[in-house]
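Below: the structure, in structure tokens.
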Amino acid sequence: MEEALNDNQIVELFRSGSDSALSELQKKYGAQMKRIAESILADRRDAEECLNDAYMGAWKNIPAADPENLKAYLLRMTRYCAFKRLRTNLAQKRGGHVQTMSYEELSECIPDHRRAESEQDSGLKEQIEDFLRNLSEEKRTIFLGRFWFLYSVAEIAQRLGRDEKYISNQLYYLKKLFRKHLERKEG
């Protein structure tokens, strides 16, 4: 089995305009990108279109962006594309079943005026990063697993070798802690 290129090598392929850049990117991160798109969008075809949009965005933007963390950059791009498609679907009244539970859970913690701000809001990003920095590795894994990677409680429990009840309790605790963290930063 052929070993995947490292992130710097993949970015260099994009810079040089190599046709293999996208196939290497897909080989290394395609499954994670697909999982995120499918977690946000209920329709497999919409998820595939979202992935194509993310790959096109990568092709156009990676050389100039020179991302420090390629994986985070790609997953964020995938999430952005998926939410953009979701908004379009909902606006066209064809949204259907949508897996938004983890976002609804987290939105309970974010004050209402923040929900209306654009994704470009670096203040919220900094607050989330500050919050994550102060968590233990396990708590950070639980929080990111649920609210970034969109894993179910059962998936997180399995990955950590923990009981689902424990993970549920930790998520409840982490949401309360996150809410307090945001309130302190605003006050």
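Give the range 24-46 a look and list any residue that's in contact (Cβ under 8 Å) with a residue 24 or more places away in the chain and within 25 Å of Val11 (Cβ to Cβ), or say none.
Leu25, Gln26, Lys28, Tyr29, Gln32, Met33, Arg35, Ile36, Ala37
Looking at the range 37-88, which of its residues are among the acidic types (Asp, Glu), part of a helix (DSSP H, G or I) and within 19 Å of Ser18 (Cα to Cα)?
Residues of the range 37-88 among the acidic types (Asp, Glu): 38, 43, 46, 48-49, 53, 66, 68.
Keeping just the survivors that are part of a helix (DSSP H, G or I) gives 38, 46, 48-49, 53.
Passing the criteria: only Asp53.
Looking only at the range 10-56, filter to residues that are under 22 Å from Trp148 (Cβ atoms), among the hydroxyl-bearing types (Ser, Thr, Tyr) and at pLDDT 90 or above; which one of those is nearest to the chain's Cα centre (by Cα)?
Tyr29
Quick one: which of Glu119, Glu164, Glu108, Glu129 is of a type in the set (D, E, K, R), modelled with pLDDT of 90 or more, surrounded by fewer than 16 Cβ atoms within 10 Å (Cβ to Cβ) and outside the structural domain of Arg45 (by TED's automatic domain parsing)?
Values: Glu119 fails: modelled with pLDDT of 90 or more; Glu108 fails: modelled with pLDDT of 90 or more; Glu129 fails: modelled with pLDDT of 90 or more.
After ruling out the rest, the residue left standing is Glu164.
Hey, among Leu177, Leu171, Leu144, Leu150, which residue is closer than 26 Å to Phe83 by Cβ, over 20 Å from the mean Cα position of the chain (by Cα) and of a type outside the set (Val, Ile, Thr)?
So the residue among Leu177, Leu171, Leu144, Leu150 that is closer than 26 Å to Phe83 by Cβ, over 20 Å from the mean Cα position of the chain (by Cα) and of a type outside the set (Val, Ile, Thr) is Leu177.
For the range 148-161, give me each residue that is surrounded by 13 or more Cβ atoms within 10 Å (Cβ to Cβ) and without any contact (Cβ under 8 Å) to a residue 40 or more places away in the chain.
As a first pass, look at the range 148-161 and keep what is surrounded by 13 or more Cβ atoms within 10 Å (Cβ to Cβ): 148-153, 155-160.
Scanning the range 148-161 gives Tyr151, Ser152, Val153, Glu155, Ile156, Ala157, Gln158, Arg159, Leu160.
For the range 10-19, which positions are in a helix (DSSP H, G or I), surrounded by 13 or more Cβ atoms within 10 Å (Cβ to Cβ) and without any contact (Cβ under 8 Å) to a residue 24 or more places away in the chain?
Glu12, Leu13
The values are calculated or read from the model by the stated rules, or taken from the named source; none is laboratory data. Computed from a predicted model, the values in this text were never measured in an experiment. Glycine also receives a Cβ, built like all others from the backbone with ideal geometry; neighbour counts cover every protein chain displayed.
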